[in-house]
1. Just give me the residues in the stretch 67-90 being among the polar types (S, T, N, Q) and either under 15 Å from Lys119 (Cα atoms) or surrounded by 11 or more Cβ atoms within 10 Å (Cβ to Cβ) (or both), in sequence order.
2. Quick one: Arg319 ticks every box in (1) of a type outside the set (Gly, Ala, Ser); (2) in contact (Cβ under 8 Å) with a residue 12 or more places away in the chain; (3) over 14 Å from Ile256 (Cα atoms) bar one, so which box is it?
3. When the stretch 351-373 is examined, which residues are found to be under 31 Å from the mean Cα position of the chain (by Cα) and either in a helix (DSSP H, G or I) or surrounded by 21 or more Cβ atoms within 10 Å (Cβ to Cβ) (or both)?
4. Residue check: is Asn152 in contact (Cβ under 8 Å) with a residue 24 or more places away in the chain, within 38 Å of the chain's Cα centre (by Cα) and farther than 30 Å from Arg80 by Cα?
5. With the condition kept exactly as written, say whether any residue in the stretch 317-340 is within 32 Å of the chain's Cα centre (by Cα), among the charged types (D, E, K, R) and within 23 Å of Asn418 (Cα to Cα).
6. Take the stretch 127-141 and flag every residue that is of a type outside the set (A, V, I, L, M) and either over 12 Å from Ala38 (Cα atoms) or free of Cβ contacts under 8 Å to residues at least 12 places away in the same chain (or both).
7. Would you be able to say whether some residue in the stretch 330-351 is more than 23 Å from Asp268 (Cα to Cα), of a type in the set (Val, Ile, Thr) and in contact (Cβ under 8 Å) with a residue 60 or more places away in the chain?
8. Among the residues of the stretch 555-569, is there at least one that is part of a loop (DSSP other than H, G, I, E, B) and farther than 30 Å from Ile453 by Cα?
Amino acid sequence: MRRASKMPELLIEFLSEEIPAVMQIKAKKDITNIFEKAFKSANLEGYTLESMVGPRRLTLIAEDLPEFQKTSIEEKKGPRVDSPQKAIDGFLKTNKVRDISKLEIRELDKGKFYFLVRKIEGLPTKKIIEDTIIYVLKSFPWPKSMKWGEGNLRWVRPLSNILAIYNNKVIPINFSGFVSSNKTYGHRFFSSSEITVKNFSEYTKKLYESKVIIDDQQRYEIISKQIDKILKNKNLEVDNDQKLMNELVGLVEWPIVYLGEIDESFMDVPKEILSSAMRKHQRYVSLYNKDRSLSTNYIIVSNLETKDSGIEVIKGNNRVLRARLSDAKFFWQQDKKITLDSRVKALKNRIFHSKLGSLFDKVKRIETLSYVISNFVTNSNPDDAKRAAYLSKSDLLSGVVGEFPDLQGIMGYYYAKNDGENENVCNAIKDHYSPLGPSDFSPSKPISICLAIADKIDTIVGFFGISQFPSGSKDPFALRRSSLGIIRIIIENKISIKLDDLIKESRKTYKDNLALEEKELIKLTLAFFEERLRVFLKDKGVTAGTINAAFLSCDDIFETYSRVFALKSFLESNDGANLLSFYRRAVNIVRIESKKDKVDYFSHANMETYNNNQATSLYSVLESLEPQLNTVLKSHNFEKALQCLEVLKVPVNNFLDNVVVNDSDEKIRISNLCLLARVGKIIGKVADFSKIEG
């Protein structure tokens with residue numbers, strides 16, 4: 001519950017025609033940021049800001065705002081006292097000071113200087129608010145805006161009212177024909193009269209009485225609770241579509257949830273078609289039975305509360321849905337009459353990109369790539385991989401996908417099953433666009449893996465080959481998403497495949513259509529993957545130092561990932577901490593002496609002149625360890641490689657604790673340094689521990 005504010009409160013509402021739901025969350029953030037920036041610039045302190053948004057209004061509330069800016073002291077250093085008069089007069093004129101006696105004289109290291117010291121009285125906060133509201137009206141960053149009538153104001157939809165109150169008084173705004181007031185209006189259908197308010201508490205109370213819940217978070221909770229209540233004891237599950245829920249919150253001011261019903265005659269249509277039709281056209285929420293089959297019931301979120309408990313609202317929505325689903329069922333039945341195979345050649349008439357050919361060209365490329373990739377994926381059938389690739393884009397020509405683009409791939413699965421294709425091919429067509437984001441699943445079936453990687457690497461290599469790179473926040477061809485998809489598929493399925501070879505194979509399928517030379521293309525593409533893999537690893541909680549230490553190359557993604565996580569796990573153990581400690585001691589000694597002697601002992605020929613058991617023992621351990629470690633590293637078993645290094649703990653620490661490295665005998669001294677350098681080099685075969693911070 002909002003506490004009573006001890007200091008002046010600010011309430012602003014911009015009332016308009018319906019604000020598109022997809023723009024509301026951004027608008028809420030933008031209005032807060034604009035006022036936050038204005039108040040910070042004015043050095044206002046101690047206030048709280050909150051914004052709310054709904055179908056017709058954008059509201060901002062600020063509490064504990066001081067009535068005035070703080071009084072500040074401005075100091076300006078002027079010329080030296082003994083400067084030419086012209087310089088002194090210039091300083092006085094620039095700062096509008098008529099009498100030089102108004103200046104202070106201060107003794108500094110370089111002599112005596114004039115200083116101008118002014119006390120600047122703070123502006124009234126009301127003036128800052130007025131200026132900020134005008135700025136909002138002139139420059140609010142709506143993604144799309146419009147003009148209407150004869151004024152010059154641009155807003156997302158025609159603005160109808162500005163409510164602006166500070167300290168219980170109206171802030172006078174007169175802009176483009178709009179005059180601010182302390183009045184607002186309630187629900188479009190339930191309240192037609194003006195509502196006069198003097199503060200936020202009264203504003204929320206009176207709007208609630210007029211069937212408007214101003215707080216978008218509260219509307220979300222009300223919708224969720226009403227859904228839970230209506231589904232109690234029905235054994236049904238709600239479609240977890242957060243984007244749709246956010247949209248519904250932005251469509252209603254007074255949310256009322258009803259339960260609709262799908263006509264049984266439509267239940268033989270794939271559930272994805274029904275669900276997509278309900279979501280896209282009517283903003284209905286799908287319901288599922290416990291076995292994940294689509295329920296005949298669905299959720300309606302209405303902006304109307306009726307005397308008949310929604311009977312007519314439900315009937316009307318059911319009637320509209322029947323018409324929508326009739327169209328979808330017609331498309332489905334017509335599409336089944338044409339096989340995916342017979343549609344493939346028609347892809348020649350669909351352009352993938354003007355410089356990269358048609359969708360048919362893409363299909364032929366990924367057909368070749370899927371076959372190649374199948375050699376690296378366990379239990380994959382090369383012929384199935386080729387077949388899945390050949391049919392993968394045919395559903396783009398279907399009526400259902402034309403109407404519901406979000407079903408591409410999914411409908412390919414149903415059409416392939418209808419055509420009698422084997423299950424591996426059907427699943428690969430369905431899965432090959434995945435993962436579409438961090439929360440989406442990653443393909444795990446062998447043929448799905450082959451096709452998903454092939455489709456994505458073809459897109460990346462193609463656009464890199466014509467120099468269409470992502471830049472900044474711009475990535476029109478979703479190349480970052482494609483690269484992250486490949487990274488996830490490879491890691492989650494433990495696939496060892498060389499990106500270098502994959503890029504070469506992909507470039508070959510483009511023949512001579514790519515302007516970028518092979519060597520440059522490989523270099524840029526690998527660098528791109530390295531950047532994305534580093535981001536992926538950081539998101540998994542790996543520090544930059546650990547990544548840098550283990551990151552040798554991005555050519556084999558799974559190998560690099562395994563190396564990084566083996567090192568992360570090792571460093572988190574006591575053995576890892578100990579190894580890092582004696583590695584640093586050994587290497588630091590060698591670096592200091594190398595710098596002093598101007599000799600690189602890390603590349604110096606080994607000398608074996610020792611005068612103590614500790615050196616001899618360490619030398620013996622290194623002689624045994626090095627070939628063993630080389631064998632383990634060839635098998636890519638990085639966990640075992642790190643475990644091998646644990647044998648160094650005792651002999652290295654004994655050496656460092658008991659041996660005077662800088663022996664008076666130069667040969668012994670150099671032998672000691674070369675021995676420690678060898679410790680660093682052998683450990684460095686597993687990871688570059690010098691890059692680990694801390």
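The values are calculated or read from the model by the stated rules, or taken from the named source; none is laboratory data. No experiment lies behind these values; they were computed from the predicted model shown. Glycine gets a Cβ as well: all are built from the backbone with ideal geometry, and neighbour counts include every protein chain shown.
1. Correct list: Gln69, Thr71, Ser72, Ser83.
2. The number of the failed condition is (2).
3. Selection gives Leu356, Leu359, Lys362, Val363, Arg365, Ile366, Leu369, Ser370, Ile373.
4. Here the answer is yes, as Asn152 does meet what is asked.
5. Scanning the stretch 317-340 turns up no residue that is within 32 Å of the chain's Cα centre (by Cα), among the charged types (D, E, K, R) and within 23 Å of Asn418 (Cα to Cα).
6. Lys127, Lys138, Ser139, Phe140, Pro141
7. Checking the stretch 330-351: not a single residue is more than 23 Å from Asp268 (Cα to Cα), of a type in the set (Val, Ile, Thr) and in contact (Cβ under 8 Å) with a residue 60 or more places away in the chain.
8. No.
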